[in-house]
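Asks: Quick one: structure below, then a few questions.
The values are calculated or read from the model by the stated rules, or taken from the named source; none is laboratory data. The structure displayed is predicted, hence computed values, not measured ones. Ideal geometry is used to build each Cβ from the backbone, glycine not excepted, and the neighbour counts take in all protein chains shown. Heavy atoms of the whole protein, side chains included, go into the accessibility calculation; ligands, DNA and RNA do not. Shrake-Rupley method; radii C 1.70, N 1.55, O 1.52, S 1.80 Å.
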Amino acid sequence: MADVQKTRAITAYVYRSGKAALEEYQIESEYPMSVMSLLTRLHETDPTLACRTSMCFHGTCGSCLVNVDGRDVKGCTVLVNPGETVSLRPHSKYKVLQDLVVDFRQPLAAEN
Ligand code: FES
């Protein structure tokens, strides 16, 4: 009897700066994946999506800062399960260069 592998879609709503709106993507996966792995798959699917994908993937470099479902996090440390829906936006504390890419040299002023 053949193994039946179950894949389910991860739905990602991703901020696109050119449209100033979220764009919907679907990625099939049978396993949980980190937000950074999800972004890598999204970038392979749509090379026009600007995001950082080549980093440590171990929670040490801090280059993967991104906003997931309204929380600023290290994307390599947050898992998304098949069947889940996430919204991905640029990190809220830095100036947006394009889509999810921010300029770490330009922190935004803190709100009072
Ligand atoms: S990829 Fe380095 S901290 Fe996340």
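Asks: Cβ-Cβ below 7 Å, separation at least six or inter-chain, first residue in region 13-30 and within 9 Å of ASP99 (Cα to Cα) and part of a strand (DSSP E or B), second open to solvent by 40 Å² or more (accessible area, probe 1.4 Å) and modelled with pLDDT of 95 or more: which pairs?
Replies: From residues that are within 9 Å of ASP99 (Cα to Cα) and part of a strand (DSSP E or B), the pairs are VAL14/LEU22; VAL14/GLU23; TYR15/LEU22; TYR15/ARG89; ARG16/GLU23.
Asks: Ok, one more. Could you please give the count of residues in region 49-62 that are surrounded by 15 or more Cβ atoms within 10 Å (Cβ to Cβ) and either near the ligand (Cβ under 6 Å from one of its atoms) or modelled with pLDDT of 95 or more (or both)?
Replies: So the count comes out to 5.
Asks: Considering (1) over 11 Å from the mean Cα position of the chain (by Cα); (2) surrounded by 14 or more Cβ atoms within 10 Å (Cβ to Cβ), say which one THR85 fails and leave the rest.
Replies: (2)
Asks: Does region 99-112 include one or more residues that are of a type in the set (Lys, Arg), modelled with pLDDT under 95 and farther than 20 Å from LEU22 by Cβ?
Replies: Yes: one or more hits.
Asks: Next up: Going by the conditions given, is GLY70 within 13 Å of the ligand (Cβ to nearest atom) and either more than 20 Å from LEU97 (Cβ to Cβ) or open to solvent by less than 60 Å² (accessible area, probe 1.4 Å) (or both)?
Replies: So GLY70 does not fit the description; no.
Asks: Additional query: Scan region 23-33 and give yes if some residue there is within 13 Å of the chain's Cα centre (by Cα), open to solvent by less than 40 Å² (accessible area, probe 1.4 Å) and either among the polar types (S, T, N, Q) or modelled with pLDDT under 95 (or both), otherwise no.
Replies: No, every residue in region 23-33 fails to be within 13 Å of the chain's Cα centre (by Cα), open to solvent by less than 40 Å² (accessible area, probe 1.4 Å) and either among the polar types (S, T, N, Q) or modelled with pLDDT under 95 (or both).
Asks: I need the full set of residues from region 73-87 which are assigned to a loop (DSSP other than H, G, I, E, B) and either in contact with a Ser or Thr (Cβ under 7 Å, 6 or more places away or on another chain) or near the ligand (Cβ under 7 Å from one of its atoms) (or both), in order please.
Replies: Within region 73-87, VAL78, PRO82 qualify.
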